[in-house]
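Throughout, read-outs are computed from the coordinates displayed, never taken from laboratory work. Keep in mind the model is a prediction, meaning the values are calculated, not measured. Please note: Cβ atoms are built from the backbone with ideal geometry, for glycine as well, and neighbour counts cover all protein chains shown.
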Amino acid sequence: MAEAKYLHHDKLSAWLEEVAGKMRVLAPVRQGDAVVFAPYASGVQVEMDKQATTPPKGVVFPASEELLRYDYQKNPEQPGQVDVELLPVIQPEPTLVFGCRSCDARGFVIFDRVYAGQTYKDPYYLARREATLFAVIACLRHDITCFCHSVGGGPGDAQGADLLLTPIEDGYVVEAVSERGAPLLDSPLLEPARDKVEQAQTLRDKAPRNMGNPTDFAPARDKLMAVFDDMDFWEDVSAKCISCGACTYLCPTCYCFNITDEGAGLSGRRVRSWDNCMSSQFTFEASGHNPRPTKAHRLKNRVGHKFSYYPALHDGLISCCGCGRCIKSCPVSVDIREIVVRAMGHALPAKDKD
């Protein structure tokens, strides 16, 4: 792996401009009250000290993407004969996502097992995944809503990342954690980190301890199944939820989608868009039946998927990166940690214990 480098604060903009000359660079910038990932340009003020309001999930898995275009072509000599021409549109742009957090990059580890699995592979996801690099900023401070260390990650975790930047003194120690990230260190703006590497490691080791003791969510896999049919429990924990879906749209690990065909005349396009499991229409069937008719049923599915169903399918891996956005941005302060902890300690009615 490439030698670790040191990037001084004063050279950060110049380095980003240098990289932007080779590929698209997305960085966290302020837009109103929010911090979002937007194209970097000279003079743009990058927000380095604050977790972005939205994760960079949409770079690899867009909120709405065109999968293909189609044209129906009639045979002029046989009007009843129609051929269909499919026009694929996968053209990913080489991209560096700079300034995301460890929890953001780890979200793609969750995605990879679904969209880049052994059995099924999504060519649209894979094309963007392979064209995208992630430069992660290690968190030396945390918000009260953060719990990455309780779900298998950590504030300096490098899973899913290509570069890891650790803030020290007047700059950053920059380390390549993948072969794809190594060429980005080949710049005259970066200098050898030398003894700063050990300092950076010490800071990263200290950060999880500052978060307090992690919660062991491993028992949730079985405990959530044990309370699956206890609708009194789910109605209680979902009472204040307003089913707005903010939790799913801001989640780095939510990957559900809907597909629609949009056409006019003989031409059209197929579009994939994010879907929201907290929506009453998410499981609404053509027959008029809805197997998840209430928000209690839908919240049960959301929590159960992340802490029980997904781990059962993927070697115990929890489908939550602990970024805390669903807690921080929830209008009514629903806390997924509280729900899971309550489920793990919930006493079942006597008749359900047999």
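Once backbone amide H atoms are built at 1.01 Å from N, Gly171 has His9 as its partners under 5 Å, excluding neighbours fewer than 5 places away on the same chain.
The fraction of Cα-Cα pairs per 5 angstrom bin, counted from 0 for region 230-354, comes to 2, 9, 16, 20, 19, 14, 8, 5, 3, 2, 1, 0, 0 percent, rounded to whole percents. Neighbour counting of Cβ atoms within 10 Å sorts the residues Phe282, Phe61, fewest neighbours leading, into Phe282, Phe61. Remark: the chain carries a charge dipole of roughly 660 debye about the Cα centre, counting +1 on each Lys and Arg Cβ and -1 on each Asp and Glu Cβ. Using the Stokes-Einstein relation with a Kirkwood hydrodynamic radius computed over Cα pairs, the translational diffusion coefficient of region 102-185 at 10 °C and a viscosity of 1.306 mPa s comes to 114 µm²/s. When only Cα pairs below 8 angstrom with a gap of at least 6 residues are kept, the chain shows a relative contact order of 20 percent.
One quarter of the convex hull surface, Cα atoms only: what value does that give for region 204-269 in nm²? All intermediate terms of the calculation are to be shown ahead of the outcome.
Details: hull surface 38.9 nm².
Approximately 9.7 nm², given one-decimal rounding.
Taking amide hydrogens as placed 1.01 Å from N in the peptide plane, the amide H of Glu47 sits under 5 Å from those of Val29, Arg30, each at least 5 positions away in sequence or on another chain. Relative contact order of region 124-228, taken over Cα pairs closer than 8 Å and 6 or more residues apart, is 28 percent.
Here is the P(r) of region 110-155: all C-alpha pair distances, binned every 10 Å from 0, give 21, 34, 33, 13 in whole percents. Footprinting exposure proxy ranking of Trp274, Trp234, fewest other C-beta atoms within 10 angstrom first, gives Trp274, Trp234. Working note: Debye formula, equal point scatterers on the alpha-carbon atoms of region 4-148, no solvent; log10 I(q)/I(0) at q = 0.13, 0.14, 0.16 Å⁻¹ is -0.70, -0.78, -0.95.
So for Asp232, Asp157, fewest C-beta neighbours within 10 Å to most, what's the order?
Working: Asp232 9, Asp157 25.
Result, fewest neighbours first: Asp232, Asp157.
Two decimals, Cα atoms only, Kirkwood Rh: what is Rg/Rh over the chain? Reported Rg/Rh, Kirkwood definition of Rh: 1.02. Helical runs (DSSP H, four residues minimum) scored at -39500 (n - 2.57) apiece and divided by the length of the chain put the mean residue ellipticity at 222 nm at -7500 deg cm²/dmol. If you find the alpha carbon centre of region 182-211 and of region 109-158, how far apart are they in angstrom? Cα centres, region 182-211 to region 109-158: 20 Å.
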